Every structure is written in C-alpha cells, then in structure tokens.
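A short worksheet on the structure shown next.
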Amino acid sequence: MPASLNRRAILSLPALSLGLAPFEAAAEFSAWGHFKQRFVTPSGRIVDNGNGGISHSEGQAWGMLLATIHDDRAAFERIFRWTRSTLAIRGDRLLAWRFRPIGGVDDINSATDADIFHAWALLRAEERWPGQGYRPLAIAIAQDILRVSCRQIGGRVVLMPGAWGFDHGTHLVLNPSYYVFPALEALAAAHPHPAWPALIAEGDRMLMESRHGRWSLPADWVVMRRPGAPVEPEPVRGDRFGDDAVRLPIYLAWSGRWQTPLMQRVAGFWADPRHPYQPAWVTLSDNRIAPFAASRGHAAIRRLVQPTAPEGLADAVTDLGYYSSSLALLAEAAAAEAPMRGSARVASLAR
C-alpha cells in the first residue's frame, strides 16, 4: 500500500509543548510524523488535546490504522500495546472508550466505530507484518461487534453506538457515521457471516433516510423508533451536519461509493455560493450555518470530495487539534487507497 501522499516539510511550524516526545528523529516531517510528534506519547497513548488530554478508543484505533498505512511498525506496536493493556478490560474483546490522564479509565462502555477501526487495523497489520497473531484477534473482535453491538429492530439489523445506553425501549439512538464501509467490508471478508451484508445494506439505507434540511444532509445522531420506522435527527445531539457526520464522505470515498446521493448533497452544500466560508456545521431544523469556518480537517474532506476546493490536504494536516488532524490524515488515506474515478483526482489530492 502507498505511503503517505504528503511529504511536505513543515519546518516553519514551532514545536508544540504538549509534554510529548516524538518516537522518531525530528527530521521526519511527513504529515504522519508531525501527527506523532504532537499527539502520540512514547508509551503509545494518543492525546486528544481538544478534550482535556484524554485518550479514547477511537483515537487509539485510528492511530493503529494510520501506522499500518504509513508502514510504521514501531508506532503501531507502541499504540497497540498501550491500547490492549489499558482499554481491553471489559471482559469481552471490545475496548473501553475513555481514559483520563488523572484517574485512568472512567467509562468502560464501548464505542462501536472504534471497535470496527480496531479490528480493521489489526487485519491490515497482519497483512503488513504477518505472523504476529493480529488476524485471530481481529476476528474475535469482529465476533463481539456482532454479538454485543448489533440489534434487530423491525427486520432491520443496526449498529448500536455502544454496548449500552442507546436503547431507550421505544426508540434507538444511532450514529450514521459509525458505518465505516471499507472496514465493514474488510471484516465481512475476514469473518464471513450473514450479518455483515445486512449491516452494510442497512448503512446505505440509513444514509438515505438520515438526510434532512435544505441541503439534504445527514445528521450527526439519529433516532429510530420501534418497530423500525425511518430515522429522524436526535433533537439534542443530532440536529446538525457537523463533526460526526462530516466523516461519512471519507468512508464513502474509501469504499468507492463516489456516486451516492449523500456525496452529491455534501458537495453541493460546501459549494453553495451563499456561504462566505466553509461552515463548520449546519443545523438541519432551520438551515442555520455556523458563524465560523470549518477546521482544516473538514477542509481536507471537502478536498477529497471536490478536488478543486481551495485548500489541499498538505495544509490541513498542520492543524493544531487532534481531531482535525486525524480527519485530515484519514482523508489523505482515503485519497490514496479508494477506487478512484480517474487518475487526475489522485494527482490533484497529492499536491
């Protein structure tokens, strides 16, 4: 698999005082190397500097995946060891989702998208560095995702966001961005089971049903009422196309779903000439856009969807925030690996 598309030197950026030490020499100036310098401790803990320095299963799983993409075995093993020793404490094969630097793990509920990424990263690690036992662990995690994190509702098989806390009897609270299509397809190939095709088909269906507002955009969180009625935005956390739903174009592109209606709607929203900037979010009930511009991570996703957008990936990965930088690196990975509509798109993303 290709290494990072971006090998831009970031010599002009000052070192950030996050209390982190880089794994490799400071001469490594790739986007991935810069990410490690800022957010990955020598022990393998990935620090979310936008949330009080916590670590979570999502960040750890993303770090493992990105290390495989960048053929960085040393980083993978560090992140993997910290993840397994600290978060794999639930009694099943899923990860506890949150660790605080003072107090340790304080919530052992799972986060299903993180577990999906975790299993996918292990499958890819086995391909990169065979014989380490990563694949059997990935399959065991996949089995527990199906056992713990799935529900049947009105004939539909859905992904729950976590092991508990999202089934409210009369309705389920769901997150469309947890349908990580390329990872689900990889898990289905590694662990054949009829539930995987059902989940993937349900993800496609949910993305059609979760679009609302003037621009027909997906909601961050949705409610599905029993016995399986169409979804609607969750009123507290879900009345936005924002930081959760913005990940969907990455997963759609990565799995080759370029022509889905959702991709077209997102592209249309970002290209709307009425916007003075790329909005950080929009509320779906009243079409009100954020009073400030999106992060560079969002801009990187826009660049993936629209190669002629004004900001490229090379700029996006220099953002100071963990989440924004992670989105940029994931968009870069999708650009490198996705089935493309033409070689010109790859060239436009690489600059």
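FYI, it's all coordinate maths here, none of it is from the lab. Worth saying up front: this structure is predicted, and the values here are computed from it rather than measured. Counting neighbours? That spans all protein chains shown, and the Cβs are built from the backbone with ideal geometry, glycine included.
Multiply the residue separation of Trp258 and Val105 by 0.36 nm, subtract the distance between their alpha-carbon atoms, and state the gained length in nm to one decimal. Don't jump to the answer; show the numbers that get you there.
Details: separation 153, 0.36 × 153 = 55.08 nm, distance 3.87 nm.
Contour length minus Cα-Cα distance gives 51.2 nm.
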When ranked by the protection proxy of mean other Cβ atoms within 10 Å per residue, highest first, what sequence do the peptides 284-293, 121-130 form? 121-130, 284-293
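With only alpha-carbon pairs counted, each pair once and no self-pairs, how large is the Kirkwood hydrodynamic radius of segment 29-148 in angstroms? Write down the numbers at each step before the final one.
Details: mean 1/r = 0.0705 Å⁻¹.
Kirkwood radius, segment 29-148: 14.2 Å.
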Report the extension gain between Ala267 and His193 in nm, rounded to one decimal, defined as 0.36 nm multiplied by the number of residues separating them, less their alpha carbon distance. 23.2 nm
Place a point 7 Å from the Cα of Glu209 in the direction of its beta carbon; the residues of segment 158-175 whose amide N falls under 18 Å from it are 158-162, 166-175
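For Ile139 and Ser85 in the same chain, what is the full-extension length gain: residue separation times 0.36 nm, less their Cα-Cα distance, in nm? Mind showing how you got there, number by number?
Values: separation 54, 0.36 × 54 = 19.44 nm, distance 1.88 nm.
Length gained, Ile139 through Ser85: 17.6 nm.
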Note on the chain: the mean projected area of its alpha-carbon convex hull, in nm², is 17.0 nm²
Considering the chain as a Gaussian network with a 10 Å cut-off on Cα pairs, which listed residue, His275, His298, His56, attains the greatest mean-square fluctuation? His275
Per DSSP helix of 4 or more residues, -39500 (n - 2.57); summed, then divided by the residues of the chain. What does that give at 222 nm, rounded to the nearest 500? -13000 deg cm²/dmol
List Thr283, Thr170 from most exposed to least, where exposure is judged by having the fewest other Cβ atoms within 10 Å. Thr170, Thr283
